[in-house]
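Reading through the structure tokens given below for one structure.
The values are calculated or read from the model by the stated rules, or taken from the named source; none is laboratory data. All values reported here derive from a predicted model rather than from experimental measurement. FYI the Cβ positions are ideal-geometry reconstructions off the backbone, even for glycines, and counts take in every protein chain you see.
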Amino acid sequence: MTTDPTPASDRARTPRDVRRWRRYLADERAEAAVYRELAARRSGEEREILVALAEAEQRHETHWLELLGDDVGRPLRGQWRTRFLAVLARRFGGVFVLALAQQAESRSAYDADVDATAAMAADERIHGEVVRGLSTRGRTRISGTFRAAVFGANDGLVSNLALILGVGASGVAPQTILVTGLAGLLAGALSMAAGEYVSVSSQRELLAASDPSPAASAALGHLDVDANELALVYRARGLDAGEAQARADAVLASAVGSREIAPASESDAHEEIGTALGAAASSFCFFASGALIPVLPYLVGMEGLAAIAVGSVLVGVALCFTGATVGVLSGASPVRRALRQLAIGFGAAAATYALGLLFGATVG
């Protein structure tokens, strides 16, 4: 946005200035409403942080009210994105809304607007980092199950579409394609669920195996202070010799009764992985849901190129949706992520279809 470089306090206001200030005022009120809605669905520290963000937006609101004076006029509505965020926050809350709010904070125009103070522009940048931190907490809590869900849905979409296209291109009957698609759905979903269960269980077991042994911590009171072999423990865990020795001396000199060599793995590390059953269930359900989509045309009696075309379109829409969702939650461009997901999925399906055509021609 191009503005007059002279602050409003030093020049005559124009109708364009008033319109812009009223728009900023509406946006600040809408953003404050989003944070209040999110705060209402939380408790403890997160609630306090969100309330503080809402209060900061109210300070910005005051700035525009002072500039407008008698020209405030009737309240305007904020941008549709912000109003939509408020609706989502009221109905759902959650990490998805925080991720969208993070993107909204990054679009602030205050850096380029002479009528916004430097403090306000700095506030908006810091607000983005605060929301990023809150989003990170939410992403950590859902990352294990979410990873399994996205991977399962994408794998179900692509693998079953590729399977159906490959088999269909070979010239078999529609009933055979339907049975093949349903068999691929069931086999893939079970395989994905079993794989996720084993994978997540193994990761959690590896983390648990890295925690210090309680028996070793119980031996602290009997160590030879002069030899101080405890320093070797800290060197093995990555500290250099000087830091390890200082840490060992401090532990041995401590008068605390319940001493431990090192703390156990933080709960966040386990949360990032998720639970084995949660990941398995998520993977099974989302793989089955994704794999069902390319089968739908055959379930309703379609066949031939019409069934292939309809199934491909449905899969394309689903791939774009999963890609956009990942983009929003990761803070990246939803459009780019959607197009990337679409290109990868259709590329794999096209390769399988070509092989099916080749196989059909060879057999025929």
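Data table
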read-out: Any hit, region 88-108, residues being at pLDDT 80 or above and surrounded by fewer than 23 Cβ atoms within 10 Å (Cβ to Cβ); value: no
read-out: Any pair with Cβ under 6 angstrom, 6 or more apart, that starts in region 342-364 at a residue that is polar (S, T, N, Q) and crowded, with 16+ Cβ neighbours inside 10 Å and ends at one that is at pLDDT 75 or above and part of a helix (DSSP H, G or I); value: Thr352/Ala162; Thr352/Leu165; Thr352/Gly166
read-out: Matching residues, region 163-178, being at pLDDT 85 or above and exposed (fewer than 15 other Cβ atoms within 10 Å of the Cβ); value: Ala173, Gln175, Thr176
read-out: Hits in region 100-136 (condition: outside any helix (DSSP H, G or I), aliphatic (A, V, I, L, M) and closer than 23 Å to Phe84 by Cβ); value: Ala109
read-out: Residue within region 194-202 that is at pLDDT below 80 and acidic (Asp, Glu) present; value: yes
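So that you can scan it fast, the table gives a plain yes or no per residue for (1) modelled with pLDDT under 85; (2) surrounded by 14 or more Cβ atoms within 10 Å (Cβ to Cβ); (3) of a type in the set (A, V, I, L, M):
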site	(1), (2), (3)
Asp240	yes, no, no
Ala248	yes, yes, yes
Gly290	no, yes, no
Val295	no, yes, yes
Val300	no, no, yes
Ala307	no, yes, yes
Leu319	no, yes, yes
Ala324	yes, yes, yes
